[in-house]
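Visitor: Could you have a look at this structure, given as structure tokens, before my questions?
The values are calculated or read from the model by the stated rules, or taken from the named source; none is laboratory data. These figures come from a predicted structure and were not determined experimentally. Please note: Cβ atoms are built from the backbone with ideal geometry, for glycine as well, and neighbour counts cover all protein chains shown. Protein only, heavy atoms only, side chains kept; ligands, DNA and RNA dropped before computing areas. Shrake-Rupley method; radii C 1.70, N 1.55, O 1.52, S 1.80 Å.
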Amino acid sequence: MLKHTVFRSLFSRKVYSRLRSGRLLAVVHPARQISNYEDEIEDLKIQQIPEQVIPEPSDSRVHEIMNFFIQGYDCSAVEHYAQYTHNLAKNMDLMIFDSYAMPTKRTLVHTLQTPGLKDNMKPRDFTIKTHERVIQLQELQGTIAPIFLELLQVNLPEGVTLKVEPHTQYHNTQRYIQKEIPKDLL
């Protein structure tokens, strides 16, 4: 919180006394003009995701950036396994390029209705959430990769899947949630 001496140096005495007494609601600069929002709307129409710079591998026996996708329905199991993967890579002196969480995906599941069931036994619709974490390793050596992958597969918890792919720009665009623009603005 700012001290009263800082307020005195920033405002005139008249404004400062109104501010202390609670009579001043807002201080607006008189030269501020109402801006034209057409430029901002045009910027919203074009949603650009910056391209990620993918460094080249330094050797032919080295994989460039590899994505380790960890997916599952239980958020705590996915998060703990992602932490385990991150710590294992750090302890094996692997270069971690980035690690992040993907947006949660929701899937609506409809169940079929069997004729002759009571009202309380009727089928329901369920929403299943899929959680995903991504760990990117840079310059993964071909001699260490099988050992690292075997340790990950041995310790893979039930209900969690692990998928390994080389990094592309498509993975970078899937990382972000697209903004929805209301139709009345377009």
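Visitor: Where does each of 135, 177 land when they are ordered by accessible area, with a 1.4 Å probe and the largest first?
Guide: Details: 135 5, 177 135 Å².
Largest to smallest exposure gives the sequence 177, 135.
Visitor: Still on this structure, please answer the following. Amide H neighbours of residue 98 under 5 Å, counting only residues 5+ apart in sequence or on other chains, H built in-plane at 1.01 Å?
Guide: 136
Visitor: Compute the length gained on full extension between residue 183 and residue 126: take 0.36 nm times their separation in residues and subtract their Cα-Cα distance, giving the result in nm to one decimal. Please report the intermediate quantities before stating the final value.
Guide: Working: separation 57, 0.36 × 57 = 20.52 nm, distance 3.02 nm.
17.5 nm is the gain from fully extending residue 183 to residue 126.
Visitor: Which of the trypsin sites (Lys or Arg not before Pro) found in the range 60-116 are in a DSSP loop and have at most 16 neighbouring Cβ atoms, other than their own, within 10 Å? Numbers along the way, then the final one.
Guide: Values: sites: 61, 90, 105, 106; in loops: 61.
Loop-located and lightly packed - 61.
Visitor: Can you figure out the FRET efficiency of residue 172 with residue 150, using R₀ = 41 Å and their beta-carbon distance, to the nearest 0.05? Intermediate values should be presented prior to the final figure.
Guide: Numbers: r = 28 Å, r/R0 = 0.69.
Efficiency computed from Cβ-Cβ geometry: 0.90.
Visitor: Given the whole protein assembly as supplied and a 1.4 Å probe, what does the accessible area of residue 95 come to in Å², nearest 10?
Guide: About 90 Å², rounded to the nearest 10.
Visitor: Go through the range 124-132 residue by residue and turn each phi into a ³J(HN,Hα) via Karplus (6.51, -1.76, 1.60, θ = phi - 60°); whole Hz please, and just put x for glycine and proline.
Guide: Values per residue, Gly and Pro as x: 10, 9, 10, 10, 10, 9, 10, 9, 9 Hz.
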